[in-house]
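These notes are about the structure you will find just below.
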Amino acid sequence: MDQLKRHRVYDLLKNDSTHLIGGMVNVKGWVRTRRGNKKVAFIALNDGSIIHNIQVVVDVQAFQDDELLRKVTTGACISVNGKLVESQGKGQAVEIQAEAIKVYGTADPLTYPLQKKGHSLEFLREIAHLRPRTNTFGAIFRIRHALSFAIHQFFNDHGFYYLHTPIITGSDAEGAGAMFRVTTLDLKKPPLTEKGEIDFSKDFFGKETNLTVSGQLEGELGALALSNIYTFGPTFRAENSNTSRHLSEFWMIEPEMAFYDIHDNMDLAEAFLKHLVAYIVEHCEDDLAFLQKMYDNELMERLRMVLDNEFVRLTYTRAVDILIQSGQSFEFPVEWGMDLQSEHERYLVEQSFGKPVILTDYPKGIKAFYMKMNDDGRTVRAMDVLFPGIGEIIGGSQREEDYERLQSRIREMGIPEEDVWWYLETRKFGTAPHSGFGLGFERLMLFVTGMGNIRDVIPFPRAPQNAEF
Ligand code: 4AD
Ligand code: MG
């Protein structure tokens, strides 16, 4: 029965399949529901290629094998040969009249965790090995794919090269957060130096190494040779922050551009985000409609808000004034010099302006060593893009390209020069003005799916106390 070529459900329901009507087709997938009576059974079959199920109609009496039909329950995996016909029922154009069914895998109704519909997202997180089989996670992971594709497409079309930066790193210069150590030393009895400290010269790489928090520093090395590069890879932060917006392992997109100043950088960030949102609106219609209906009835409106508005650009100092004058009582009271919390960022976006906001020129004390100093000596050429419902979605800056000034910032901040000598050398040999930013991929996923928790937009979330699957 396997001789027919398999059709994806997508090909039968989404593409024009009228030329196939009346002919035999094969589909394979997982049973979502089975209903019917003694005469006829309706199987809703899903293969993950599209949110919709194809309806398989079985003439139970003509179908000899009762034993086999009993195995066709929710969750079972089957292959169906049958005639593609115009559907009698509402909701689908075509359906399949089954002639032969093969059961690849049964799913015992008594123990299959997805037997019933309507599980909470919290419960589904505990069965991350099976949740891709729900409509919700199918939609999310298809959107995640489309978004990744759109990112590569955007940069390719704009003359950027994809640079692969290392995951294991010997430097902690970024200071973006606590790091995960990478070691092959025996933790029970590590080699010790004469002073009694762990002797990392005996470790695998001959020095201390960690998982990277960002590909930026290596990205800059690429930009100062290829002009425009981007990275797109996993990054790791070991902070113990159990929020709905933080992961311990998340994906980041980091473009880095030679000859860009902070304004060029902002223009690129805005065009990039708009392209990505527009791509999803255009290509993920069915999945977005599902998420809008099930989770967030303002989803499309918020996506439109990004597409239809110019982002507001203002300085951190001006934003602090607005927040103080708002008279709003925040959990963290606002004063100049503080790192803004997501409650402040969201107030600016959602209450003050009603559109995305780019804040610039942050106090140097709360930003990384590599950001270019402004003439005022107190602020740096940083830019954060703030989104409705999310807060910070992008962080970036113009970089300090002057050797002496960068070196004195490194000393001021107590960063060991032997960790960053290679980075400093780019300012010694053929330095150039340059800028870049980092987009948190899962933050963008939160925005385009309307989901409320970052653990629900990545297949296998890594968060404190959570690495089961
Ligand atoms: O603002 P961040 O820390 O910036 C950097 O890492 C720079 N090296 C970027 C650059 O200029 N090339 O992180 C960038 C973005 C944030 O705006 C946020 O969207 C996301 O990464 N992000 C996280 N996403 C999920 N979980 C976490 N723990 C995150 N930390 C940052
Ligand atoms: Mg940041």
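The values are calculated or read from the model by the stated rules, or taken from the named source; none is laboratory data. Keep in mind that what you see is a predicted model, and the values were worked out from it rather than measured. Cβ: placed from backbone, ideal geometry, glycine included. Neighbour counts: every protein chain shown. Calculation scope for accessible area: heavy atoms of the full protein, side chains included, ligands and nucleic acids excluded. Shrake-Rupley method; radii C 1.70, N 1.55, O 1.52, S 1.80 Å.
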(request) Based solely on C-alpha atoms, express the radius of gyration and the Dmax of the stretch 320-469 in angstrom. (result) 18.2, 51
(request) Could you work out how far apart the two model spin labels at F205 and L121 are, taking each label as a point 7 Å from the Cα in the direction of the beta carbon, and quote it in nm? (result) 3.5 nm
(request) Grab the DSSP H runs of the chain that are 4 residues or longer, score each as -39,500 (n - 2.57), total them, divide by all residues and round the 222 nm result to the nearest 500 deg cm²/dmol. (result) -9000 deg cm²/dmol
(message) Starting from 0.36 nm per residue, how many nanometres of slack lie between L226 and A278 once their C-alpha separation is accounted for?
(response) 15.9 nm
(message) Could you give each residue of the stretch 39-49 its phi-based ³J(HN,Hα) in whole Hz, using Karplus coefficients 6.51, -1.76, 1.60 with θ = phi - 60°, and x for Gly or Pro?
(response) 8, 9, 10, 10, 10, 8, 10, 10, 10, x, 6
(request) Would you kindly find the accessible area of R35, with a 1.4 Å probe and non-protein molecules such as ligands, DNA and RNA excluded, rounding to the nearest 10 Å²? (result) 140 Å²
(message) If DNA, RNA and ligands are ignored and the probe is 1.4 Å, what is the ranking of F387, F180, F63 by accessible area, most exposed first?
(response) F180, F63, F387
(message) For a quick check of understanding: with a 1.4 angstrom probe and all protein chains in place, what accessible area in square angstrom does W421 have, to the nearest ten?
(response) 150 Å²
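Please tell me which of these pairs span more than 29 angstrom C-alpha to C-alpha: K195/K428; K116/K355; K83/K293; K195/K364; K28/K116?
K195/K428; K116/K355; K83/K293; K195/K364
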(request) Tell me which residues come under 5 Å, amide H to amide H, from T235 once H is placed; ignore anything under 5 positions away on its chain. (result) F250, W251, M252
(request) Mind running the shape call on the stretch 198-244? Use the C-alpha gyration tensor, a ≥ b ≥ c as the square roots of the eigenvalues: rounded below 1.5 for a/c, prolate if a/b tops b/c, oblate otherwise. (result) oblate
(request) Once you have the Kirkwood Rh of the stretch 1-114 from its Cα pairs, apply Stokes-Einstein at 10 °C and 1.306 mPa s and quote D in µm²/s. (result) 113 µm²/s
(message) Given contacts defined as C-alpha pairs under 8 Å and at least six residues apart, what's the relative contact order of the chain, whole-number percent?
(response) 13 percent
(request) List, largest first, the extents of the alpha carbons of the chain along their principal axes, each in whole Å. (result) 85, 58, 45
